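Below: the structure, in structure tokens.
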Amino acid sequence: MKMTYREAMRQALHDALATDPRVFLMGEDVGKYGGSFAVSKGFLDEFGPERIRDTPLSELAFVGTGIGAALGGMRPIVEIMTVNFSLLALDQIVNTAAAYRHMSGGQFSVPVVIRMVTGAGRQLAAQHSHSLENWYAHVPGIKVIAPATIDDARGMLKPALEDPDPVIVFEHALLYNVEGELGDEWRSADIRSARIMRPGRDVTICAYGGTVGKALDAARQLAAEGIEAEVIDLRVLRPLDGAAIIGSVRKTHRAVLVDEGWRTGSLAAEVSARIMEQAFYELDAPVARVCSEEVPMPYAKHLEDAAMPQVPKIVAAARQTLGRN
Amino acid sequence: MSEPALRPVTIPHALALDLLRDMVRIRRFEERCADLYGQLKIRGFLHLYIGEEAVAVGAVHALQPDDAIVATYREHGHALARGIPAGAIMAEMYGKQEGCSRGRGGSMHLFDAATRFYGGNAIVGGGLPLAVGLALADRMQRRQRVTAAFFGEGAVAEGVFHESMNLAALWKLPVAFFCENNLYAMGTALSRSESQTDLCTKAAAFKVPTLKVDGMDSVAVYEAAKQVADRIRAGEGPFFVEFQTYRYRAHSMYDPDLYRDKAEIEEWKLRGPIHNLTNRLKAEGQFTEEAFRTLDSEVTGEVEAAVAFAEGGSWEPVENLTRDVYTEPAP
């Protein structure tokens, strides 16, 4: 069945609300407005204001309230409009949600799901466009997922809600209108493993979220030149599926890491370090990274495009690992 | 400020004696903690509650067993009053795995699921939205429970205080905002950090009803907290209470206490919560000096037993270092 990422996410939320009375959705404009990306349109009428809660512009309090409600036996889904706004709630996510189980000696789990929009590409400039997935993936105690496909948008919410610990879901803004086929794979989605999107023997390209599609496009171009790239969708940014990454690199002996976060201290840097630690002698070329340029996201279209990872950069990086220019 | 005339004890004497006992328990427990800190048995930060005992004791006694408590890093008193065993608290301060947080939290992070004690939160104001969320869960699950959030007056400067008050009021949630105004946020006096020093005015801005209570008087605290808890339980929505109190000791063991007059401390000591209630009970013929000595020696015995429990506790094996970062899958 063909559907958009938005519709897939919407169906996933609908399922959760319809099947588990503990689940509720809370955030800015999730109700009457219908969700800033229209993901929850119609939910307020269907599930009522108690379970579809419009909040004031109080990220810190409503995220903390979600954490408290999770401690109180609910299964809250808290929506934050963009990752940039999530910085207002960082204290509750890092100091409370992530630490709570450990600092209580294992007495309390925090089963909250926090969804947020991430990424650039809509000319929203430097306060609505960043990719800070890695900030969260740095923190022990939380899990971080980035559904990039229709199947994952449809399937990953359920295991996230079933997980007893806090899960942060990153939804790239450019994905909502992407249309694709919903297969059967979503029914068995997990929040543990990476997925090989395209098998290949020559070079491993790792991507996540908004860059998975670009990595696949790059792989198609490379195939036309006789280079078979293996594309991995990391999907789960914490804990990383190291075995999938290392397994692929052992086969291809080359890696290109695509990451919309800034290069310095990026998730790509972490993946690169792991490859060096665990597969150094398997490498036939230095690991390459294609990340965002080190600049707050600019508004002008041509500058924004230049700041982000793009298909030609991925293709060029892959060629370079094979000694072709 | 001079010693005020003795107010009658307007609660049952048995209850008043319970309050007194708990205040003495906290006092003696913390005095021992200070010793043990000097002996390097307890490390990290140690924030003593000495002087403020009436607030935790009066307020906690006004709650039901299934109500929730969210406290701050100065929470030994609340934990003891709530009934977390003194041994488990002391072992936590020692960092032993028999501690109430398995030695992962220390003085600032006491937790106890059995008594619904949700920390031990050491980010000022950080517990407030948590309390709002616990209350929301109760509301959504149709439970008649109250969540009591304790916080200092320093927290009212944090944005999260205002955000949390607004949400609790907007959604009429069963939260008791118990503000322990001890006049100093670490070393900064309220008047040096707030344009509006009347804390109840801030709460009133959110249409939250307020009470201002003598926090040195455990009976007054109990009566106020009981009334507030009853009204919240009846569905009236959140309530804000300012308990005016004072800490006799420095902010933490690191604090040289240079920011306030010694005379001010001595004046507040005249209103000390323990001798205040002791004198009133004596005046009413319900208590004697000998009874106090008996109580005190029983309490000292409990504290020494707690120390022995902590001393006899064990260190968690380092192999377990990363346990409880995530929930272990059920076996």
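Which condition breaks for A:Glu162 when tested against (1) in contact with a helix residue (DSSP H, G or I) (Cβ under 7 Å, 6 or more places away or on another chain); (2) at pLDDT 95 or above? All conditions are met except number (1).
In the range A:56-84, which residues are without any contact (Cβ under 8 Å) to a residue 40 or more places away in the chain and farther than 21 Å from B:Arg142 by Cα? Spell out how you get there, then give the answer.
To start, the set of residues in the range A:56-84 that are without any contact (Cβ under 8 Å) to a residue 40 or more places away in the chain comprises A:56-62, A:64-65, A:68, A:71-72.
A:Pro56, A:Leu57, A:Ser58, A:Glu59, A:Leu60, A:Ala61 - these are the residues of the range A:56-84 that are without any contact (Cβ under 8 Å) to a residue 40 or more places away in the chain and farther than 21 Å from B:Arg142 by Cα.
Here's the yes/no breakdown for (1) more than 10 Å from chain B (Cβ to nearest Cβ); (2) more than 13 Å from A:Asp165 (Cα to Cα); (3) surrounded by fewer than 24 Cβ atoms within 10 Å (Cβ to Cβ):
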site	(1), (2), (3)
A:Thr65	no, yes, no
A:Leu71	no, no, no
A:Met74	no, no, no
A:Met81	yes, yes, yes
A:Asn84	yes, yes, yes
A:Leu88	no, yes, yes
A:Asp91	no, yes, yes
A:Asn95	no, yes, yes
A:His102	no, no, yes
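The residues listed here are B:Ala306, B:Ala283, B:Ala291; of these, the one that is more than 22 Å from B:Leu6 (Cα to Cα) and away from chain A (no Cβ under 14 Å) is B:Ala306. Among (1) among the aliphatic types (A, V, I, L, M); (2) crowded, with 24+ Cβ neighbours inside 10 Å; (3) not in a helix (DSSP H, G or I), there is one condition B:Ala114 misses while meeting the rest; what is its number? Tallying (1) among the aliphatic types (A, V, I, L, M); (2) crowded, with 24+ Cβ neighbours inside 10 Å; (3) not in a helix (DSSP H, G or I), B:Ala114 fails exactly one: (2).
Among the criteria (1) surrounded by fewer than 24 Cβ atoms within 10 Å (Cβ to Cβ); (2) not in a strand (DSSP E or B), the one A:Thr211 does not fulfil is (1).
Which one of A:Arg10, A:Arg51 is out of contact with any helix residue (DSSP H, G or I) (no Cβ under 7 Å at 6 or more places or on another chain) and either modelled with pLDDT under 95 or among the charged types (D, E, K, R) (or both)? First the steps, then the outcome.
Details: A:Arg51 fails: out of contact with any helix residue (DSSP H, G or I) (no Cβ under 7 Å at 6 or more places or on another chain).
So the residue among A:Arg10, A:Arg51 that is out of contact with any helix residue (DSSP H, G or I) (no Cβ under 7 Å at 6 or more places or on another chain) and either modelled with pLDDT under 95 or among the charged types (D, E, K, R) (or both) is A:Arg10.
Listed by first and then second residue, the pairs with beta-carbon distance under 6 Å, at least 6 apart or on different chains, first residue in the range A:178-204 and more than 30 Å from A:Gln320 (Cβ to Cβ), second hydroxyl-bearing (Ser, Thr, Tyr) and surrounded by fewer than 18 Cβ atoms within 10 Å (Cβ to Cβ), are A:Glu179/A:Thr4.
May I ask you to list the residues in the range A:219-257 that are assigned to a strand (DSSP E or B), among the hydrophobic types (A, V, I, L, M, F, W, C) and under 18 Å from A:Leu283 (Cβ atoms)? Spell out how you get there, then give the answer.
Initial filter on the range A:219-257 (assigned to a strand (DSSP E or B)): A:229-233, A:236-238, A:255-257.
From what is left, the residues that are among the hydrophobic types (A, V, I, L, M, F, W, C) are A:229, A:231-232, A:236-237, A:255-257.
Hits for the range A:219-257 are A:Ala229, A:Ile232, A:Ala255, A:Val256, A:Leu257.
Any residue in the range A:162-173 that is surrounded by fewer than 24 Cβ atoms within 10 Å (Cβ to Cβ), closer than 27 Å to A:Ala288 by Cβ and not assigned by TED's automatic domain parsing to the domain that holds A:Ala285? Yes, the range A:162-173 has at least one match. The single condition among (1) within 14 Å of another protein chain (Cβ to nearest Cβ); (2) at pLDDT below 95; (3) farther than 30 Å from A:Pro111 by Cβ that B:Ala330 does not meet is (3). Tallying residues that are under 15 Å from A:Met26 (Cβ atoms) and either at the interface with another protein chain (Cβ under 7 Å from one of its Cβ atoms) or surrounded by fewer than 19 Cβ atoms within 10 Å (Cβ to Cβ) (or both) within the range B:128-138 yields 7.
All of A:Asp184, A:Asp202, A:Asp152 fail the test of being buried (at least 24 other Cβ atoms within 10 Å of the Cβ), on the phi < 0 side of the Ramachandran plot, touching an Asp or Glu at 6+ places or on another chain (Cβ under 9 Å) and not β-branched (Val, Ile, Thr), apart from A:Asp152.
What do you reckon, is A:Gly121 facing chain B (nearest Cβ under 10 Å), part of a loop (DSSP other than H, G, I, E, B) and surrounded by fewer than 24 Cβ atoms within 10 Å (Cβ to Cβ)?
So A:Gly121 does not fit the description; no.
Number of residues in the range A:283-312 that are part of a helix (DSSP H, G or I) and more than 13 Å from A:Leu222 (Cβ to Cβ) equals 7.
Beta carbons closer than 7 Å, at least 6 apart along the sequence or on distinct chains, pair a first residue in the range B:147-170 that is at the interface with chain A (Cβ under 7 Å from one of its Cβ atoms) with a second that is of a type in the set (Val, Ile, Thr) for B:Ser164/B:Val132; B:Leu167/A:Thr65; B:Leu167/B:Val132.
How about the range B:185-232: which helices (runs of 4 or more DSSP H) wholly inside it have at least 2 residues that are among the hydrophobic types (A, V, I, L, M, F, W, C)?
On the way: elements: B:190-193, B:199-204, B:218-231.
By residue number, B:199-204, B:218-231.
Of the candidates A:Glu270, A:Glu260, the single residue that is within 21 Å of the chain's Cα centre (by Cα), part of a helix (DSSP H, G or I) and either assigned by TED's automatic domain parsing to the domain that holds A:Ala120 or of a type in the set (Asp, Glu) (or both) is A:Glu270.
The values are calculated or read from the model by the stated rules, or taken from the named source; none is laboratory data. This one's a predicted model, so the numbers in the text were calculated from it and none came from an experiment. Virtual Cβ from ideal backbone geometry, glycine too; neighbours counted across all protein chains shown.
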